[in-house]
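The values are calculated or read from the model by the stated rules, or taken from the named source; none is laboratory data. What you see is a predicted model; the values in this text were computed from it and never measured. Here Cβ is always computed from backbone atoms with ideal geometry, including for glycine, and neighbour counts include all displayed protein chains. Accessible surface is based on the protein model in full, side chains and every heavy atom, while ligands, DNA and RNA are left aside. Shrake-Rupley method; radii C 1.70, N 1.55, O 1.52, S 1.80 Å.
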Amino acid sequence: YISKNNKVFVGSLIETANCGEAKVLYLNGYRGDVEFLNTGNIDNFRKDHLVDGKIKDQKAPLTFGVGYTDGVITKVNKKHTKCYIAWVGVLERCFSKKLHTRFPSYKQATVCNEWHSLKNFKIWFDEANYEEGFEVDKDLLYQGNKHYSPETCILLPQRLNTLLVHKYTNRKSKVLPI
(Lines give C-alpha, C1' and ligand atoms only; values in the text may rest on other atoms or scores of the structure.)
Protein backbone atom coordinates (compact mmCIF):
# COMPACT_ATOMS: atom_id res chain seq x y z
CA TYR A 1 0.00 0.00 0.00
CA ILE A 2 0.99 3.63 -0.30
CA SER A 3 3.72 4.47 2.20
CA LYS A 4 2.93 6.39 5.40
CA ASN A 5 4.39 9.59 3.96
CA ASN A 6 1.90 9.37 1.04
CA LYS A 7 4.53 8.66 -1.58
CA VAL A 8 3.51 6.63 -4.59
CA PHE A 9 5.96 4.19 -6.11
CA VAL A 10 5.81 1.76 -9.00
CA GLY A 11 4.35 -1.39 -7.45
CA SER A 12 2.35 0.51 -4.79
CA LEU A 13 -1.14 -0.78 -4.08
CA ILE A 14 -3.90 1.80 -3.84
CA GLU A 15 -7.24 1.19 -2.12
CA THR A 16 -9.92 3.03 -4.10
CA ALA A 17 -13.28 4.22 -2.78
CA ASN A 18 -15.46 1.90 -4.88
CA CYS A 19 -13.26 -0.05 -7.28
CA GLY A 20 -11.10 -2.25 -5.08
CA GLU A 21 -7.32 -2.22 -5.25
CA ALA A 22 -5.16 -0.79 -8.02
CA LYS A 23 -1.46 -1.36 -8.61
CA VAL A 24 0.81 1.44 -9.83
CA LEU A 25 2.52 0.31 -13.04
CA TYR A 26 4.26 3.47 -14.21
CA LEU A 27 4.96 6.99 -12.95
CA ASN A 28 6.01 9.99 -14.99
CA GLY A 29 6.09 13.42 -13.35
CA TYR A 30 2.58 14.23 -12.19
CA ARG A 31 0.79 11.24 -13.72
CA GLY A 32 0.78 7.47 -13.35
CA ASP A 33 -0.64 4.32 -14.89
CA VAL A 34 -2.50 1.89 -12.66
CA GLU A 35 -4.03 -1.53 -13.16
CA PHE A 36 -7.29 -2.22 -11.35
CA LEU A 37 -6.93 -5.69 -9.90
CA ASN A 38 -10.64 -6.60 -10.07
CA THR A 39 -11.02 -5.93 -13.81
CA GLY A 40 -7.50 -5.77 -15.24
CA ASN A 41 -8.32 -2.35 -16.69
CA ILE A 42 -5.32 -0.03 -17.05
CA ASP A 43 -5.79 3.73 -16.90
CA ASN A 44 -3.80 6.94 -16.37
CA PHE A 45 -4.41 9.39 -13.51
CA ARG A 46 -2.91 12.43 -11.84
CA LYS A 47 -0.45 11.46 -9.12
CA ASP A 48 -2.32 13.40 -6.39
CA HIS A 49 -5.46 11.38 -7.22
CA LEU A 50 -3.45 8.20 -6.82
CA VAL A 51 -2.35 9.29 -3.34
CA ASP A 52 -5.94 10.17 -2.35
CA GLY A 53 -7.38 6.97 -3.86
CA LYS A 54 -9.77 9.17 -5.86
CA ILE A 55 -9.59 7.10 -8.99
CA LYS A 56 -12.36 5.18 -10.72
CA ASP A 57 -12.18 2.04 -12.81
CA GLN A 58 -14.17 2.71 -15.98
CA LYS A 59 -14.68 -1.07 -16.35
CA ALA A 60 -15.97 -1.64 -12.80
CA PRO A 61 -19.61 -2.84 -12.82
CA LEU A 62 -20.92 -0.19 -10.43
CA THR A 63 -24.36 0.42 -12.01
CA PHE A 64 -26.74 -2.23 -10.65
CA GLY A 65 -23.75 -4.55 -10.30
CA VAL A 66 -23.38 -5.03 -14.08
CA GLY A 67 -23.09 -1.67 -15.84
CA TYR A 68 -19.82 0.15 -16.39
CA THR A 69 -19.25 3.56 -17.96
CA ASP A 70 -16.27 2.47 -20.09
CA GLY A 71 -14.80 5.98 -20.25
CA VAL A 72 -17.97 7.69 -21.51
CA ILE A 73 -18.72 11.13 -20.06
CA THR A 74 -21.82 10.82 -17.88
CA LYS A 75 -22.29 14.47 -16.88
CA VAL A 76 -22.13 17.79 -18.70
CA ASN A 77 -22.41 20.95 -16.59
CA LYS A 78 -23.19 18.77 -13.55
CA LYS A 79 -26.22 17.18 -15.27
CA HIS A 80 -26.37 13.56 -16.38
CA THR A 81 -26.46 13.15 -20.15
CA LYS A 82 -29.64 11.89 -21.85
CA CYS A 83 -27.75 8.79 -23.00
CA TYR A 84 -26.60 7.99 -19.45
CA ILE A 85 -30.12 8.46 -18.07
CA ALA A 86 -31.58 6.14 -20.73
CA TRP A 87 -28.86 3.52 -20.11
CA VAL A 88 -29.41 3.55 -16.34
CA GLY A 89 -33.16 3.22 -16.97
CA VAL A 90 -32.65 0.07 -19.04
CA LEU A 91 -30.36 -1.48 -16.42
CA GLU A 92 -32.78 -0.50 -13.65
CA ARG A 93 -35.66 -2.30 -15.38
CA CYS A 94 -33.55 -5.44 -15.64
CA PHE A 95 -31.62 -5.47 -12.35
CA SER A 96 -33.31 -3.28 -9.71
CA LYS A 97 -34.96 -5.33 -6.97
CA LYS A 98 -36.73 -2.18 -5.78
CA LEU A 99 -38.31 -1.64 -9.21
CA HIS A 100 -39.17 -5.35 -9.47
CA THR A 101 -41.10 -5.04 -6.20
CA ARG A 102 -43.18 -2.19 -7.66
CA PHE A 103 -43.48 -3.72 -11.14
CA PRO A 104 -43.05 -7.51 -10.92
CA SER A 105 -43.34 -7.99 -14.69
CA TYR A 106 -39.89 -6.38 -15.09
CA LYS A 107 -38.34 -9.36 -13.26
CA GLN A 108 -38.44 -11.10 -16.63
CA ALA A 109 -36.68 -8.25 -18.49
CA THR A 110 -33.14 -8.89 -19.73
CA VAL A 111 -30.46 -6.83 -21.43
CA CYS A 112 -27.73 -7.97 -23.80
CA ASN A 113 -24.20 -8.14 -22.38
CA GLU A 114 -23.10 -5.59 -24.97
CA TRP A 115 -25.22 -2.93 -23.26
CA HIS A 116 -23.61 -3.50 -19.87
CA SER A 117 -21.07 -1.04 -21.32
CA LEU A 118 -22.27 2.56 -21.59
CA LYS A 119 -19.84 2.98 -24.48
CA ASN A 120 -21.64 0.31 -26.53
CA PHE A 121 -25.08 1.60 -25.54
CA LYS A 122 -24.05 5.13 -26.59
CA ILE A 123 -23.08 3.91 -30.06
CA TRP A 124 -26.61 2.50 -30.52
CA PHE A 125 -28.22 5.57 -28.88
CA ASP A 126 -26.40 8.00 -31.18
CA GLU A 127 -27.13 5.92 -34.31
CA ALA A 128 -30.81 5.71 -33.31
CA ASN A 129 -30.96 9.52 -33.63
CA TYR A 130 -32.07 10.51 -30.15
CA GLU A 131 -34.29 13.56 -30.03
CA GLU A 132 -35.38 15.44 -26.92
CA GLY A 133 -38.19 13.56 -25.16
CA PHE A 134 -37.47 10.15 -26.72
CA GLU A 135 -37.27 6.93 -24.68
CA VAL A 136 -35.91 3.42 -25.22
CA ASP A 137 -38.69 1.00 -26.20
CA LYS A 138 -38.40 -2.77 -26.57
CA ASP A 139 -42.07 -3.62 -27.12
CA LEU A 140 -43.03 -2.00 -30.41
CA LEU A 141 -40.83 -3.97 -32.82
CA TYR A 142 -41.53 -7.38 -31.26
CA GLN A 143 -44.76 -7.91 -29.35
CA GLY A 144 -44.11 -9.60 -26.02
CA ASN A 145 -40.37 -8.87 -26.20
CA LYS A 146 -38.57 -8.93 -22.85
CA HIS A 147 -35.03 -8.32 -24.06
CA TYR A 148 -33.21 -5.00 -24.46
CA SER A 149 -30.66 -5.03 -27.29
CA PRO A 150 -29.69 -3.05 -30.40
CA GLU A 151 -31.75 -5.47 -32.51
CA THR A 152 -34.93 -5.31 -30.40
CA CYS A 153 -35.11 -1.67 -29.30
CA ILE A 154 -35.93 1.69 -30.83
CA LEU A 155 -36.26 5.24 -29.55
CA LEU A 156 -39.84 6.51 -29.33
CA PRO A 157 -41.31 9.85 -28.29
CA GLN A 158 -42.25 9.61 -24.61
CA ARG A 159 -45.92 10.42 -25.33
CA LEU A 160 -46.25 7.55 -27.79
CA ASN A 161 -44.43 5.17 -25.46
CA THR A 162 -46.71 6.21 -22.57
CA LEU A 163 -49.82 5.63 -24.70
CA LEU A 164 -48.60 2.15 -25.62
CA VAL A 165 -47.86 1.31 -21.97
CA HIS A 166 -51.25 2.62 -20.78
CA LYS A 167 -53.01 0.63 -23.50
CA TYR A 168 -51.66 -2.59 -21.99
CA THR A 169 -51.29 -1.72 -18.31
CA ASN A 170 -53.50 -3.42 -15.75
CA ARG A 171 -53.44 -0.60 -13.21
CA LYS A 172 -54.71 -2.69 -10.28
CA SER A 173 -51.92 -5.25 -10.45
CA LYS A 174 -49.30 -2.87 -11.93
CA VAL A 175 -48.45 -5.48 -14.52
CA LEU A 176 -46.78 -4.11 -17.62
CA PRO A 177 -46.64 -6.01 -20.90
CA ILE A 178 -42.99 -6.77 -21.10
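Summarise the accessible area of the chain (1.4 Å probe, protein heavy atoms) by the percent that is carbon and sulfur.
52 percent
Just to confirm, what accessible area per residue do you get for the range 26-178 at 1.4 Å probe, in whole Å²?
62 Å²
What FRET efficiency comes out for the pair Thr39/Tyr142, r = Cβ-Cβ distance, R0 = 35 Å, nearest 0.05?
0.60
Relative contact order for the range 11-72: what percent, with Cα pairs under 8 Å and sequence separation of 6 or more?
25 percent
Provide the packing ranking of 28-36, 117-125, i.e. peptides ordered by the mean count of other C-beta atoms within 10 Å per residue, highest first.
The packing order, highest mean first, is 117-125, 28-36.
Quick one: 3J(HN,Hα) in Hz for the range 56-72, Karplus 6.51/-1.76/1.60 with θ = phi - 60°, rounded, Gly and Pro as x.
Karplus values, whole Hz, x for Gly and Pro: 10, 7, 5, 9, 6, x, 8, 9, 6, x, 10, x, 9, 6, 6, x, 7.
At 1.4 Å probe size, what's the solvent-accessible area of Thr162? Round to the nearest 10 Å².
Looks like 50 Å² after rounding.
Taking R0 as 25 Å, what FRET efficiency do you get between Asp48 and Glu21 from their Cβ-Cβ distance, rounded to the nearest 0.05?
0.85
Charges on Cβ only, +1 for Lys and Arg, -1 for Asp and Glu, centred on the Cα centroid of the chain; of Ser117, Asn77, Asn41, which one is farthest towards the dipole's positive end?
The listed residue farthest towards the positive side: Asn77.
With just the Cα atoms of the chain, tell me how far they stretch along each of the three principal axes, in Å, largest first.
Sorted largest first, the three principal extents are 64, 32, 27 Å.
Relative contact order for the chain: what percent, with Cα pairs under 8 Å and sequence separation of 6 or more?
Over the chain, the number comes to 13 percent.
Hey, what do the phi angles of the range 78-95 turn into as Karplus ³J(HN,Hα) couplings, whole Hz, using 6.51/-1.76/1.60 and θ = phi - 60°, x for Gly and Pro?
Result, ordered by residue: 6, 10, 4, 6, 4, 5, 4, 4, 5, 4, 4, x, 5, 5, 4, 4, 8, 10 Hz.
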